[in-house]
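**Student:** Sharing a structure with you now.
Bear in mind that the values in this text are calculations on the coordinates, not laboratory data. Bear in mind that the values here come from a model prediction, so they are computed numbers and not experimental data. As a convention, Cβ positions derive from the backbone with ideal geometry for all residues, glycine included, and neighbour counts pool all protein chains shown.
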C-alpha cells in the first residue's frame, strides 16, 4: 500500500489512456471528442478519490477507491 499512497494520482490518466486505446483499436471509434468524453467519464468514475477528514488527532487525508475494501490514510 505504500506504493499506492505515492502513485494514486496517476491512475486516472492511465485508465483514460487504456479506454482511449480500446475505443480506437477495438471499437473503431474515430471521433476524438466522443471517445475522449467517454474515456474521461469512465476514468473519473473508476479513479480513486481523496478526501480530507477531520478527526480528534487532526486533519487526515483519506483515499477511497472502488476496488479497495478499506480506505487508505495519508499522513
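**Student:** Among (i) 14.0; (ii) 19.6; (iii) 12.7, which is the computed Kirkwood radius over Cα pairs in Å?
**Tutor:** Matching the structure shown: (i).
**Student:** Oh, and also: Which of these, 27, 14, 41, has the largest mean-square fluctuation under a Gaussian network model of the chain (Cα springs below 10 Å)?
**Tutor:** In this elastic network of the chain, the residue with the biggest mean-square fluctuation among 27, 14, 41 is 27.
**Student:** Is it possible to state the helix-based mean residue ellipticity at 222 nm for the chain, with each DSSP H run of 4+ residues giving -39500 (n - 2.57), the sum divided by total residues, to the nearest 500 deg cm²/dmol? What is it? Display every interim value, and only then the final one.
**Tutor:** Working: 3 runs with 36 residues, N = 75.
So the helix-based figure for the chain works out to -15000 deg cm²/dmol.
**Student:** Residue 65 to residue 21: FRET efficiency via 1/(1 + (r/R0)^6), r the Cβ-Cβ distance, R0 25 Å, to the nearest 0.05?
**Tutor:** Approximately 0.70, to the nearest 0.05.
**Student:** If you fit an axis through the alpha-carbon atoms of helix 32-46 and take the longest principal axis of the Cα set of the chain, what angle between them do you get, 0 to 90°, nearest 10?
**Tutor:** Helix 32-46 sits roughly 30 degrees off the main axis of the chain.
**Student:** For helix 11-25, what angle does its Cα long axis make with the longest principal axis of the chain, in degrees from 0 to 90 and rounded to 10?
**Tutor:** 10
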